[in-house]
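The values are calculated or read from the model by the stated rules, or taken from the named source; none is laboratory data. Please read all numbers here as calculations on a predicted model, not as lab measurements. Don't worry about glycine lacking a Cβ; one is built from the backbone with ideal geometry, like all the others, and counts go over all protein chains shown. For the accessible areas, the whole protein counts, side chains as well, though only heavy atoms, and no ligand, DNA or RNA atoms are used. Shrake-Rupley method; radii C 1.70, N 1.55, O 1.52, S 1.80 Å.
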Amino acid sequence: MPGRLLLLLLLLLWARAGRALAAEAAAPPGLASLRPGAAPPPADLLYADGLRAYAAGAWARAVALLREALRSRAAPGRARRACGARCGAAAAAAAAGPARWEAALLRAALRRAECLGRCAARALGPGAAAGTRLARAVRAAFRRREPYNYLQRAYFQLKKLDLAAAAAHTFFVANPDHLQMREDMAKYRRMSGVRPQSFRDLETPLHWAAYDASLELMERQEAGLALPRLEEALQETLSQMETCRAGCQGPEEQQEEEEEEKKEDEEGVGGPGGLYEAVAGHWIRVLLCRQRCVADTATRPGRSHPVPDFLPNQLRRLHQAHAQVGNLSEAVENVLSVLLFYPDDEAAKQALSQYQAELGEPRPGLGPREDIQNFVLRSLGEKRQLYYAMEHLGVSFQDPDPWTPAAFIPEALREKLREDQEQRPWDLEPPRPAAKADWREALQLEGVALALDARQLNGSERAVLDGLLTADECAALLRLAQDAAGAGARSGYRGRRSPHTPHEYFEGLTVLKAAQLARAGSVGSQGVRLLLEAGERVRKVTQAYFSPERPLHLSFTHLVCRSAVEGEQDQRMDLSHPVHADNCVLDPDTGECWPEPPAYTYRDYSGLLYLNDDFKGGDLFFTQPNALTVTAQVRPRCGRLVAFSSGGDNPHGVWAVTRGRRCALALWHTWAPEHREQEWTEAKELLQKLKEEEEEEEEEEEETPGRDPFPEPPSHKLQRLQETNAEPRRAREEL
């Protein structure tokens, strides 16, 4: 595009965006639809210009361009879906007739290609395919919702706090581990001009919005009100899948094919050959993409794992809601639709028998929903082709659906699939045995007593045990933490503020770093040995109480201290550690916990061994999955251990430390031996070497008087002592 024309186009966009901005306060901040017939400008150019305006401090222009970039980014997907539906009939008509199948197929492909090209040109403008193709980095930025990070800051500068909070929340949903955005969200919550309803996701797909609303209504036993939202969620889910499937043949999909062509050739997809090999390779890629649409649609924004059985579960809720309000015919249709996925579902078969008995007269025309029946038949047809390609062409295919009948999987592949599943047994959650009553005898530790059990803590697999450390041992570990901090060892935090709150300092010491400091002479070796012993003591207690029939391994050990920043505690509203779960990403809006990074999914049990209580605040608390309702609270004190399972059944946080210094030994345990803590073994070996060196030095000192009958002059003795102490002193100076 010539430079003058591009400049003119951008000026027109800026002018139109400026006019829209004047009415923005009254308009909803979501993505508005483009004017019918208008060709959307390229999203990458708009995004780049929006970032330039942001860097220049032109906040209104940045907002306008970034919003237009988001609109432009969404337009091609809608157009491709509409064109795909419109051109399907034309292709079917071209395939009809007495011609040979090959000619009919290719003629239909040519007709459909022509129809799609013309339709896209009308909807998106000439050269639509090239104009909507984005670079990989730009596509990744939109997937991460990065434009909303810039939008929230620009809105804040424009004093539009409601829109700033909405943009911040939209970005945070897709980036829950973004620490700066977490602080920004806390800042917005403290502002008087921001309402609770301001924190809304501007990119929540319609099917998720309707689904969440229906779940809330069902929990309140309002089936009549939930039914329209349940039906809306189902229809929007199917519609979203169609949009995704239409994108499987779009320009971005083609670009990704070009970028990954070498990798796909190695996997046997679309390798060298003639017409049929090329057509088969492309068709397989389209089928793989279409099958992935099921998982993509069932994955919440910002999550990497789909909700299991998303579509069948919607049908289950639908037939239950219809039955509650007396719509038995609709209940039968939906429960029959469930049986299309799972013909042997006992609960569905019992519900069907009950509905048919209540209906009385047989209804011969009553069957599964037509839309679900079409979905299942089409999906199974695609799976049959992919399993054929997997068996005969070496294609790699991971079925996203657990309901696929075994008959569709070739016998030669079934054994391989079973072997692949058995290779990762730790991914399957095993049954957790109940705690033994004689756990105290298994420990052989004196003075350890159960202070609170799961019932008293209003949860499951929680316990508070006292007496794991004496007062002298707590003092020794506190001294170790203080000496390590004085030597500059803070496990990478280097004396900065806490990663969870700007109002506290954070100090952390790992077992290996502690052993290295002991080897250098910066801390006492006895304190480090006690650190390792305390970790092993906690592991034994946790295993004996929660998992007596299955061994636990230490996964990570961390001596952590949090100190209140003086002068910054007035009207403090944040937490020392926000509510979270240790092996999954907690979603307070839905109460679900997603086993995916940044959570450490292999951790099975957690423990906190406290060292002191001479501070204000800092209590541990458990909540319900909504991260708001506190169910139990524990006050730290020397030798007290709080142990609990690491999953979503134990969300927990730490109240703000508003005065003093709170220290504890944080430990995590795992059933998987491949995830045991290697640093613990290295630290133990390092301490053993240090002990041997100390013993050798003691032996040399004892033997020295007997070997040397002529004592050295005082000046020579002083010089040798200085040379001996030079190396430890240099090590301390380096640290």
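Worth a mention:
- Note on region 529-572: with neighbouring protein chains present and a 1.4 Å probe, carbon and sulfur make up 43 percent of its accessible heavy-atom surface.
- Nearest-10 value in Å² for the accessible area of residue 160, using the 1.4 Å probe: 50
- Calculated FRET value between residue 451 and residue 526, using beta carbons and R₀ = 30 Å, to 0.05: 0.60
- For region 450-480, applying the loop criterion from DSSP together with a ceiling of 10 other beta carbons within 10 Å to the trypsin sites (Lys or Arg not before Pro) yields 455.
- Solvent exposure of region 492-619, expressed per residue, is 40 Å² of accessible area, with all protein chains present and a 1.4 angstrom probe.
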